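Here the structure is laid out as structure tokens; the discussion comes afterwards.
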Amino acid sequence: MAGVQLEKVRKSFGQNEVIKGIDLEIAPGEFVVLVGPSGCGKSTLLNLIAGLETLSSGNIRISDRLVNDVPPKDRDIAMVFQSYALYPTKSVHGNITFGMETRHVRRDEQDQAVSEVSQLLHIEQLLDRKPGQLSGGQRQRVAMGRALVRKPDVFLFDEPLSNLDAKLRIEMRTEIKKLHQRLGKTTIYVTHDQVEAMTLASRIAVMDNGHIRQFGPPAEIYEDPRDLFVAGFMGSPSMNLVRGTLVGDGDRLAVEVRDQEGTVSFPLPAALAAKVRGKTGQQIDLGLRPEIITHHGAHAEGAMLSNFERAIDVVEPTGPDTMLVFTLGGAEAIGRVRSDEVVEAGRPYTFEVNMDKAKLFDPESGIRL
Amino acid sequence: MSRKGIVRRRGAGQAALRLLLYAVLVLFCLVYLLPLVIMVSTSLKSLGEIRTGSLISLPTQVSLDAWLKAWGTACVGVRCKGIAPYMWNSVLMVVPAVLISTLLGAVNGYALTKWRFRGADVIFALMLFGAFIPFQIVLLPMARTLGLFGLAGTTWGLVLVHTVYGLAFTTLFFRNFFVSVSDGIVQAAKIDGAGFFPIFFKLMLPMAVPTIVVTVIWQFTNIWNDFLFGSAFTVGDSNPVTVALNNIVATSTGVKEYNVDMAAAIIAGLPTLAVYVLAGNYFVRGLAAGAVKG
Ligand SMILES: Nc1ncnc2c1ncn2[C@@H]1O[C@H](COP(=O)(O)OP(=O)(O)OP(=O)(O)O)[C@@H](O)[C@H]1O
Ligand SMILES: [Mg+2]
């Protein structure tokens, strides 16, 4: 089994530094997901691990072997590309065996390997077709098959599902997870899609502008984000941020939000209050995920609740839940209520907020308090 | 009128317009075809008929004599063996020149786009510049170079010249094709353990078949039809057919044999015609796919 270690990894293209010193320690068998906005360097980092780009400085180890100067083919990795990158003039069979042919694997071993992966991925009937004659999902499977036959130590995926439609994406996501559970290979997976990240990862690395902002298990990234960036990136719809003022004294602190519709006071639970003691009178950002701004009676017993009323601007039914868009503290905010709640746009609605799950951020640095 | 496709206005006015359109098209067609018709018909007439009849009248008696003479016995300068040996010269020149320049162009285009190195863009710009150099400028330096290589006056010298001057175009064609090929394919192949040439021959060339066809047609036509280099860098026996054709027409012994001239001209043009007929479909498709887009 192979772990992957990155040590102060940097990469520049000319003057433009894209990866700005990344340390990452990936344990054998882990499924690590890299997420981040477009252009933050996810693909570049993956290419560095694959050996498709040369490091500017730092070290990369795979299975405790320093691979800085090892070409891709000798790194014991396999990669699935966003655009699949199948060989268009070769049949599915030819695509899967190309790597083995260049490595001069014996014919009977090749056939054995092809039949194994094609059964695993249900592509036995497609072996004679060209990539052009396959659907998106089938191409995706072939691309995975091509990676699987290598029997690598580490799998690298670069947004492998982003070209598929929503339904297929969810299906393939489940298959990738099953595959990982079955093979237990170390996997590094790049995606834009934070749902994919949450469902697949054993740990998520949130990247921004060449840095890793936070690296941890999905629940930690979601519930315990280090800063505004991570909090805003994970979750859909994303976390509501309301600018308010800290008021009160001792342990009885609250965030007061003022706008045209009046003043709303969000009392802070003791644990939160303890972190901001002494900052009374200062501005502060209150982070409330949509699912904690909801209808009356939806929260766990014993939670610290707070009510407020706002006129609803837009009602967005999604099926199981209904999203309610309103304005709070001058910014647009979204609450999430069950779908049988009777709500009309333009009318006021009383929300109940679970303050135990509220987060506080320093408005200047964006660091979570 | 067809009821398929885009909905059109109908009525007498529209029909008249359509008729006018087709009339104009047919007229242009005739104008375009007339020279060819006259050439063919003249080549099939006897000399007597040419002298007495009018230029556009069809032959009363079809005779292949002029063709046979043009092929086998017409005098090119002092050598009366027809244009057959010169056709052969042209073939010996055009085949290696086309193959080498196409292959090198493909390698260049592939290296410039898929194995990007420092200065690749500068090199490409310089090569592109080569496509715009008027050939007259290079005549003297090229003659000197061929002399130094000991290739002056030989078919191989001509092959070298055409290969060098074709490279700008062939590189351009292939670069424009390979630029549109996903880099991921090359990366995947590198992870699969393939190197520069295995990726080129096993993956890239098979993908580039339409571009290869376009390039071959382009190079074949240009090299076959070239007169300037042929007349400047070869002598007598090693002349390509274009030069020989000129010499047949210019050879002034006795009467001017228009039928032989015409037949020789058609023979000299047949190979390019054949290439178009055989591969023309691809050419149009390649053009449509932007393969020749500058
Ligand atoms: N070969 C290159 N030369 C110059 N700049 C590059 C090169 N490759 C990537 N970059 C730059 O590096 C930055 C990061 O690119 P990268 O492809 O890693 O982003 P990404 O996070 O994968 O984005 P996306 O989510 O859109 O795929 C971008 O600003 C990009 O312009
Ligand atoms: Mg990317």
MRE, 222 nm, helices only [DSSP H, n ≥ 4, -39500 (n - 2.57), over chain A, to nearest 500]
-7000 deg cm²/dmol
Under the Karplus relation with 6.51, -1.76 and 1.60 and θ = phi - 60°, whole-Hz ³J(HN,Hα) for region B:71-83, x at Gly and Pro, equal 5, x, 10, 4, 8, 9, x, 9, 9, 9, 10, x, 9
Among the chymotrypsin sites (Phe, Trp or Tyr not before Pro) within region B:163-242, which fall in a DSSP loop and have no more than 13 other Cβ atoms within 10 Å of their own Cβ?
B:F227
Chain B - Cys residues lacking any other Cys C-beta under 4.7 Å
B:C29
Would you pull out the residues with amide H under 5 Å of A:M207's amide H, same chain only if 5 or more places away, H placed 1.01 Å from N?
A:V35, A:G36, A:R213
Two decimals is fine: what's Rg over Rh for chain B, C-alpha atoms, Kirkwood radius as Rh?
1.08
Given 4 °C, 1.567 mPa s and a Kirkwood radius over Cα pairs, the Stokes-Einstein diffusion coefficient of region B:165-286 in µm²/s is 74
Which of A:A331, A:A300, A:A201 moves the most in a Gaussian network model of chain A with Cα springs under 10 Å?
A:A300
Any chance you could get the radius of gyration and Dmax over the Cα atoms of region A:170-255, in Å?
17.0, 56
For B:S180, what accessible surface area do you get with a 1.4 Å probe? Give it in Å², rounded to 10.
90
Net charge (Lys, Arg +1; Asp, Glu -1) of residues whose beta-carbon lies under 10 Å from that of A:T54, A:T54 excluded, is -1
Most to least accessible of A:R277, B:R118, A:R146, A:R141 (protein chains only, probe 1.4 Å)
B:R118, A:R277, A:R141, A:R146
From the protein chains alone at 1.4 Å, what is the descending order of accessible area for B:Y86, B:Y258, largest first?
B:Y258, B:Y86
Sequence of A:E116, A:E332 from largest to smallest accessible area, 1.4 Å probe
A:E332, A:E116
How much accessible surface area, in Å² rounded to 10, belongs to the heavy atoms of B:M262 with a 1.4 Å probe?
50
Of all beta bridges DSSP finds with both residues in the protein assembly as shown, what is the antiparallel percent, to the nearest 5?
75
For the protein assembly as shown, what value does the Rg/Rh ratio take when both radii are computed over Cα atoms and Rh is the Kirkwood radius, given to two decimals?
1.17
Size descriptor, Kirkwood hydrodynamic radius, that averages inverse alpha-carbon separations across region B:1-87, Å
17.1
As straight-line cross-link partners of A:K359, the qualifying lysines (C-alpha separation under 20 Å, not fewer than 8 residues apart within one chain) are A:K275, A:K279
Per residue value of the accessible surface for region A:240-361 (all protein chains in place, 1.4 Å probe), Å²:
49
Cα convex hull volume per residue for region B:1-159 (Å³):
298
With the radius of gyration and the Kirkwood radius both derived from the Cα set of chain A, what is their ratio Rg to Rh?
1.06
Computed on Cα atoms, the radius of gyration and Dmax of region A:82-174 in angstrom are 12.8, 40
Please name which of A:F233, A:A331, B:L25 has its Cα lying farthest along the dipole of the protein assembly as shown towards the positive end, using unit charges on Cβ (Lys, Arg +1; Asp, Glu -1) and the Cα centre as origin.
B:L25
Can you tell me the dipole magnitude for region A:1-125 around its Cα centre, using point charges on the Cβ only (Lys, Arg +1; Asp, Glu -1), in Debye to the nearest 20?
420
Per-q log10 I(q)/I(0), region B:84-174, q = 0.20, 0.22, 0.25 Å⁻¹ (Debye; single scatterer per alpha-carbon; no solvent):
-1.00, -1.10, -1.21
Before rounding to the nearest 500, sum -39500 (n - 2.57) across all DSSP H runs of length at least 4 in chain B and divide by the residue total; then give [θ] at 222 nm in deg cm²/dmol.
-22500 deg cm²/dmol
How are the C-alpha pair distances of region A:255-353 spread across 10 Å bins, as whole percents from the shortest bin up?
14, 46, 30, 9, 0
From phi via Karplus (6.51, -1.76, 1.60), per-residue ³J(HN,Hα) for region A:80-86 in Hz, x at Gly/Pro:
10, 9, 4, 8, 6, 6, 6
So, taking all protein chains as they sit and a 1.4 Å probe, how much accessible area belongs to A:H211, in Å² rounded to tens?
80
For region A:132-185, rounded, prolate or oblate, judged on the Cα gyration tensor with a ≥ b ≥ c (square roots of eigenvalues), a/c < 1.5 rounded, else prolate if a/b > b/c?
oblate
Among the chymotrypsin sites (Phe, Trp or Tyr not before Pro) within region B:91-138, which fall in a DSSP loop and have no more than 15 other Cβ atoms within 10 Å of their own Cβ?
B:W115, B:F117, B:F132
Rg(Cα) of region B:12-63 divided by 2.2 N^0.38 Å?
1.69
Leaving out ligands and nucleic acids, and using a 1.4 Å probe, what accessible area per residue does region B:12-63 come to in Å²?
76
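The values are calculated or read from the model by the stated rules, or taken from the named source; none is laboratory data. Predicted model, so just to flag it, every value in this text is computed and none were measured. As a convention, Cβ positions derive from the backbone with ideal geometry for all residues, glycine included, and neighbour counts pool all protein chains shown. Accessible surface areas use protein heavy atoms only, side chains included; no ligands, DNA or RNA. Shrake-Rupley method; radii C 1.70, N 1.55, O 1.52, S 1.80 Å.
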